[in-house]
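*Asks:* Mind looking over this structure? Questions follow.
The values are calculated or read from the model by the stated rules, or taken from the named source; none is laboratory data. If you're wondering where the values come from, they're calculated on a predicted model, not measured in any experiment. Cβ placement follows ideal geometry from the backbone for every residue including glycine, while neighbour counts extend to all protein chains displayed.
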Amino acid sequence: MTVASLAEIKAKFSAYLQEAEVSGPVVVTRKGRAVAVIVAPADDADLESLLLSRSPRFRSLLDASRRSIMRGQGETHAQFWATVRETPSQSRPGRSASQKRLPNKSLKLTP
């Protein structure tokens with residue numbers, strides 16, 4: 001893991017991006033304190049995991065789901081898979097061909 005100041009990152013951003021791809025995360029510091037991490041995702045699934053893990057909205061949804069399960073309002077493993085098997089695949093939500101790959105444009109992230 002590499003640690004570099006914000007000033008160093010600004011001066012050699014491309015080099016630090018490559019460092020993240022090759023060697024792993026780069027911690028960015030300001031006044032000696034960590035303020036960001038540059039991480040190169042392995043693939044689209046890894047990118048999605050990284051983004052969701054930091055999403056307050058997604059965390060809130062998971063917390064609500066966990067509370068529901070604790071109250072006994074969740075489905076069992078068997079019930080869940082039975083529902084999946086009974087649902088025709090064309091009516092299940094999925095990704096269209098255009099959604100399977102990330103666009104080359106910058107991402108606009110909203111919580």
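*Asks:* When you go through Arg33, Arg57, Arg71 one by one, which is the residue that is out of contact with any Lys or Arg (no Cβ under 9 Å at 6 or more places or on another chain), in contact (Cβ under 8 Å) with a residue 40 or more places away in the chain and loosely packed, with under 11 Cβ neighbours inside 10 Å?
*Replies:* Arg57
*Asks:* So the check is Cβ under 9 Å with 6+ separation or different chains; which pairs have a first residue in segment 1-30 that's at pLDDT below 95 and a second one that's among the polar types (S, T, N, Q)?
*Replies:* Qualifying pairs under 9 Å: Met1/Ser23.
*Asks:* Keeping to segment 1-26, report how many residues are of a type in the set (A, V, I, L, M, F, W, C) and either farther than 24 Å from Asp46 by Cβ or surrounded by 14 or more Cβ atoms within 10 Å (Cβ to Cβ) (or both).
*Replies:* Here is the first cut: in segment 1-26, the ones of a type in the set (A, V, I, L, M, F, W, C) are 1, 3-4, 6-7, 9, 11, 13, 15, 17, 20, 22, 26.
Narrowing further to those that are either farther than 24 Å from Asp46 by Cβ or surrounded by 14 or more Cβ atoms within 10 Å (Cβ to Cβ) (or both): 4, 6-7, 9, 11, 17, 20, 26.
Residues meeting the conditions: 8.
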